[in-house]
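First up is the structure itself, then whatever we jot down about it.
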Amino acid sequence: MYAIDDLYAEVAYIAHHFHWPLSEILELEHGERRRYIRQIRIINEHVTGRG
């Protein structure tokens, strides 16, 4: 288990980038959310030229 603030941060990050509804994001397992977050970061690095 992890802190509720971490869950909110993960959900907000994914929702902001993918525009998925809260219910779909919360259905993801923790590991799945973390994988999406890593992929979003990779995409952002490529877009900004840092990757």
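The values are calculated or read from the model by the stated rules, or taken from the named source; none is laboratory data. The structure displayed is predicted, hence computed values, not measured ones. Here the Cβ positions follow ideal geometry from the backbone for every residue, glycine too, while neighbour counts run over all protein chains shown. Just the protein is used for accessible areas: all its heavy atoms, side chains included, with ligands, DNA and RNA removed. Shrake-Rupley method; radii C 1.70, N 1.55, O 1.52, S 1.80 Å.
From the residues in region 29-51 that are more than 10 Å from VAL11 (Cα to Cα) and among the hydrophobic types (A, V, I, L, M, F, W, C), which one is farthest from the chain's Cα centre (by Cα)?
Out of the qualifying residues, it is VAL47.
Per-residue answers, yes or no, for (1) open to solvent by 100 Å² or more (accessible area, probe 1.4 Å); (2) part of a helix (DSSP H, G or I); (3) at pLDDT 95 or above:
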{"residue": "ASP6", "(1), (2), (3)": "no, yes, no"}
{"residue": "ALA12", "(1), (2), (3)": "no, yes, yes"}
{"residue": "ARG33", "(1), (2), (3)": "no, yes, yes"}
{"residue": "ILE37", "(1), (2), (3)": "no, yes, yes"}
{"residue": "VAL47", "(1), (2), (3)": "yes, yes, no"}
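If TYR2 satisfies all but one of (1) in a helix (DSSP H, G or I); (2) open to solvent by 70 Å² or more (accessible area, probe 1.4 Å), what's the number of the condition it fails?
(1)
Is it the case that region 17-28 has a residue that's open to solvent by 80 Å² or more (accessible area, probe 1.4 Å), acidic (Asp, Glu), without any contact (Cβ under 8 Å) to a residue 24 or more places away in the chain and at negative phi?
yes
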